[in-house]
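The values are calculated or read from the model by the stated rules, or taken from the named source; none is laboratory data. What you see is a predicted model; the values in this text were computed from it and never measured. Note that we place each Cβ from the backbone using ideal geometry, even for glycine, and neighbour counts take in every protein chain shown. All accessible areas refer to the heavy atoms of the entire protein, side chains included, with ligands and DNA or RNA removed. Shrake-Rupley method; radii C 1.70, N 1.55, O 1.52, S 1.80 Å.
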Amino acid sequence: MGSKNIKRQKYSREQQRRFTAMLLIIPSIIFLVGLIAYPLVKVVIDSFRLVNLTNVAVSGFAGFENYVKVLTNEHFQKALSNTVIWTLLSVIGEFIFGMITAVALNNQVKGVGFFRSLIIIPFVVPVVVAGLTWEWMLSPDFGIINYLFEKIGLISESVNWLGEKETALLTVTFVNIWRSFPFYTVTLLAALQSIPHDIIEAAAVDGANAPKRFMKIIFPQLKSVSMVLIGMHLIWTSINFDYVWVMTEGGPFYATETLPVQIYRYAMKQYDVGAASALSTMMIGLMTIGFVTYFYIKKVRSKSEGIK
Amino acid sequence: MKKLTSFITVILLLGVSLLLISCGKANESSGDKNEGEITLEYWVGWSPGEENAIESKKLIEQYEKENPNININIQELNYDMIHDKLVTGITAGDVPDLSWGLGEWVADLNGMGGLMDLTGYVNEWNDKENIQQSSLDALTINDKLVGLPYQTGARALLVHENMLKDTGINKVPETWDELIRIGKEYNENTGKYLYGMTGTSVRAPQEMIGYFAQQGVEIASESENGKFRNTWNDNPKELEAATKVFAFYQDLIENKVVDPNAKTWDWETADTNFATGTYAMEVVGNWMQERESSNPETMKDVSVTVPPYGEEPATFLEVKPIFIFKQSEHPEEAWKFAQFLLSKEFQEKVQSANTPRTDVVEDTKWGNGFKDLGEIGVSFPPVPMGNITKNMEDALAKVIQNNEKPKEVAKWLSDEINKSLKTSGVLSED
């Protein structure tokens, strides 16, 4: 009894509460430090070091040598532009398809539940399965896509969609859109359902037609969720590796090579961890600058709007 | 409060340490259940369900029964996964005891310091004399044997005899010139393509090294100092020979001997097209035997012969190794298990057609038909090939996709190979 009193005097209730709270967050901190902070710091450090897995004689401080190597790689600019095209087209396509299907599925018609379930299928198919299936479907020799397009007269002879430099990147982007737009559909559909119906009805009564109702009432209500969706997908798509690798491995002749594929090649084919780390650090840096700038501009705008 | 902060800091550091230790030593935790009982981690590249895999598993189960203190934990992976897991595993100190691999990886993994030197073990092994010396040589670097030949197979020309006969062609082309002439004729008469090739994937450099050998050139020659160098740009005759290989690729496409889509075909597409009779000939390995059961109608007319050549007959000889890793905690047991995998009994039952053993014979076109070609077989040089195979794929793309001049491409490839050798620290500057 006496010892308990002493304990009470030693730690106040507030201190005990904080102690428990800190104890409970320790596992999260351990995982954050071990699985995110440590690898991140290691990548940045390695980007300034000479690290080659097959040639241990090459080691030590490299300064900016790895960065120079990456920037002067004859395929770097192509990979950078491919990454920008792949990311922007994917996100724009996903958003447009997602919005159209979300609006369509928001209507209370017969069988809408079935279609809502059906549309999520591409998103739950594993990337490797989807990639390989599309690869076979797009094959110029026995793919069903060429067969159908020839039958309906869209093309006169088979097209090697993934094998021609002119079509490969757009084809992989299309497949990525096909797989990812259901995520937009589901998210936008949830947002659409939260818009009070009486506002839309009031606008209709006031004479606003469907496009006007969508642009003036519905679309502004979806702005916040759309920005989050687009922001997330800009990151996810630009760092995506698996789709491109499964379908084309960056080919034909670098036509679909993106920066993540180039990082993989440096690390796992050339065993040049220093160069891979330099390119990774550049990607992290570019994305951080992009998002910090975006949020800064947003903050400045909202402040100036507040003053007005 | 200071004590509290110190306590939490200590807990945090302990946690991080435990996390890192558990990441680095995953192999140990999967190990031995009882005292004296040993679990060997064994990574394989077979496809689950294939006949060889089923037979192998039966024999391995039998091995476990005969050696009750040994458990074999088999992980079935594809070759790409094995490669990437081995590269990261060797770096992180977390590797299996034994693993399948490809000949192209031998110098790469050895350069990372991952492979056990098996010279001593094999020299004392009674069965050594029954293993093909050429296969052992292909896995020897700086006089050290760093892998055991598990499968050995030359590439042969497979021919759909009926497809040729149906168009009145009675002779299988023996040289590149004949191949181009007959292929062109075949396309004009049938609208189909005669020959198969790959423009991408692991197969493309393998095909290319066979063509280089047929012109009498190497992609990396060993110097007296034990290092390597591509000498095409130092020697006009070699450059001319290498140029002929790239010109041959262009001729195949321009004369419609191969399908233009083959520019980006990988090995799966090429093999499927041959097995289904899309074209009449392909240089390929004896794993195509499996297609006799999946495509019985189209595969029944297949014969095996020497690939068409430029200057001299030659072909790619693939030696697939089993590696034992330096970081294995049970090297003796791993070596004993490897001996079992290379034993006559195991090889006869599992892979008599592509065995490295000289005393195992399969008297069929898939066995002896391929084995006879071993004499003209060439393998990759014992240098890190990771980037060089990519250089070779790029050179091929320059020629058949970009239509660049063969001589310029040969010069470019020579420079790139030397750059790759320099990065790996094995370039001879002499």
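Would you mind checking the tilt of helix B:386-400 against the longest principal axis of the Cα atoms of chain B, expressed as 0 to 90 degrees and rounded to 10?
Approximately 20 degrees, to the nearest ten.
How big is the B/A interface in buried accessible area, both sides summed, 1.4 Å probe, to the nearest 100 Å²?
Details: alone 20080 and 19720 Å², together 36380 Å².
So the buried area, both faces added, is about 3400 Å².
HN-Hα J couplings of segment B:84-94 from phi, Karplus 6.51/-1.76/1.60, θ = phi - 60°, integer Hz, Gly and Pro as x?
With the stated coefficients, segment B:84-94 comes to 5, 5, 5, 4, 6, x, 5, 5, 8, x, 9 Hz.
With a 1.4 Å probe on protein heavy atoms only, tell me which residues of segment B:404-430 lose at least 10 Å² of accessible surface in the complex relative to the chain by itself.
When all protein chains are present, B:412, B:423, B:424, B:425 each give up 10 Å² or more of accessible surface.
Classify segment B:45-155: rounded, prolate or oblate, from the alpha-carbon gyration tensor (a ≥ b ≥ c, eigenvalue square roots; a/c under 1.5 rounded; otherwise prolate if a/b is larger than b/c)?
Rounded shape, in that the Cα axes give a/c under 1.5.
Toward the positive end of the charge dipole of segment B:164-271, about the Cα centre and with charges on Cβ (Lys, Arg +1; Asp, Glu -1), which of B:211, B:189, B:249 goes farthest?
The listed residue farthest towards the positive side: B:189.
Only Cα pairs within less than 10 Å get springs; with that Gaussian network setup on chain B, which residue of B:229, B:181, B:203 has the largest fluctuation?
Evaluated over chain B, the most mobile residue of the options is B:181.
Each residue of segment B:299-311 in turn: what ³J(HN,Hα) in whole Hz from Karplus with 6.51, -1.76, 1.60 and θ = phi - 60°, glycine and Pro shown as x?
For segment B:299-311, the Karplus curve yields 9, 6, 9, 7, 10, 10, 8, 6, x, x, 10, x, 9 Hz.
What size of dipole, in debye to the nearest 20, comes out for chain A about its Cα centre when the only charges are +1 on Lys and Arg C-beta atoms and -1 on Asp and Glu C-beta atoms?
Computed about the Cα centre, the dipole is about 2160 debye.
Just check chain A against the gyration tensor rule for me: Cα atoms, a ≥ b ≥ c as the square roots of the eigenvalues, rounded for a/c under 1.5, and otherwise prolate or oblate depending on whether a/b exceeds b/c. Display every interim value, and only then the final one.
Values: a/c = 1.97, a/b = 1.07, b/c = 1.83.
Oblate shape, in that a/c is at least 1.5 and b/c is the bigger or equal ratio.
Charges at C-beta only: +1 for Lys and Arg, -1 for Asp and Glu. How large is the resulting dipole of segment B:278-362 about its Cα centre, in Debye rounded to 20?
Roughly 220 debye for segment B:278-362.
Using the Kirkwood formula on the Cα atoms of segment A:47-91, what hydrodynamic radius do you get, in angstrom to one decimal?
Values: mean 1/r = 0.0802 Å⁻¹.
This gives a value of 12.5 Å.
Once the Cα atoms of helix B:51-66 and of chain B are each reduced to a long axis, what angle between those two axes, in degrees from 0 to 90 to the nearest 10, is obtained?
Around 30 degrees separate the two axes.
Any idea what angle helix B:2-24 forms with the longest principal axis of chain B, computed on alpha-carbon atoms, 0 to 90 degrees, nearest 10?
Tilt relative to chain B: about 40 degrees.
Among A:142, A:73, A:187, whose Cα projects farthest towards the positive end of the dipole of segment A:36-189, with charges put on the beta-carbon of Lys, Arg (+1) and Asp, Glu (-1)?
Going by the charge dipole, the pick is A:187.
Leaving out ligands and nucleic acids, and using a 1.4 Å probe, what accessible area per residue does segment A:5-81 come to in Å²?
72 Å²
Anything in chain A that counts as a DSSP H helix reaching 20 Å or more along its axis (C-alpha) with Kyte-Doolittle mean of at least 0.5? List them, would you?
In chain A, the long hydrophobic H runs are A:13-32, A:76-105, A:168-193, A:223-238, A:273-307.
Could you give the C-alpha radius of gyration of chain B expressed as a fraction of 2.2 N^0.38 Å, taking N as the number of residues it contains?
Chain B yields a ratio of 1.09.
About the Cα centre, and with charges only on the beta carbon of Lys, Arg (+1) and Asp, Glu (-1), how big is the dipole of the protein assembly as shown? Nearest 20 debye, please.
Details: 67 positive and 89 negative charges, 1155 e Å.
In debye, rounded to 20, the protein assembly as shown gives about 5540.
Name the residue from A:61, B:233, B:377 whose Cα lies farthest towards the positive end of the charge dipole of the protein assembly as shown, charges +1 on Cβ of Lys and Arg and -1 on Cβ of Asp and Glu.
It is A:61, whose Cα lies furthest towards the positive end.
For a test of the definition: using alpha carbon positions, the gyration tensor, and the 1.5 limit on a/c, classify the protein assembly as shown as rounded, prolate or oblate.
In terms of gyration-tensor shape, oblate.
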